[in-house]
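So the structure is just underneath, and the comments pick up after that.
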Amino acid sequence: QETTRPPNAFILYRRAKQPGILTRHQGITNNEVSKEIGRMWHEEPAEIRMKFQKMADAAKQEHMKKYPEYRYR
């Protein structure tokens, strides 16, 4: 059974921000979305990045409970 990795802080941030970017910039490519979100992430204050890090930590803990044998390869 193939299990996906738990999302990291940036992945959670991207999931939160991508819909708004797609709404504001119709027809933007996935590559352009990635660049824009990467730029936004680096400009976020530490508190915002920490909020997403805490969400990622919680997701990782949940993943460990659900898949105790999981090892990233």
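Quick notes on this one:
- Test: residue in segment 17-35 that is in contact (Cβ under 8 Å) with a residue 40 or more places away in the chain and within 14 Å of the chain's Cα centre (by Cα): no
- Conditions (1) in contact with a Lys or Arg (Cβ under 9 Å, 6 or more places away or on another chain); (2) modelled with pLDDT of 95 or more: number failed by Ala16: (1)
- Odd one out for Glu69, checked against (1) free of Cβ contacts under 8 Å to residues at least 12 places away in the same chain; (2) in contact with a helix residue (DSSP H, G or I) (Cβ under 9 Å, 6 or more places away or on another chain): (2)
The values are calculated or read from the model by the stated rules, or taken from the named source; none is laboratory data. Bear in mind the structure is a predicted one, so any value in this text is a computation, not a measurement. Cβ: placed from backbone, ideal geometry, glycine included. Neighbour counts: every protein chain shown.
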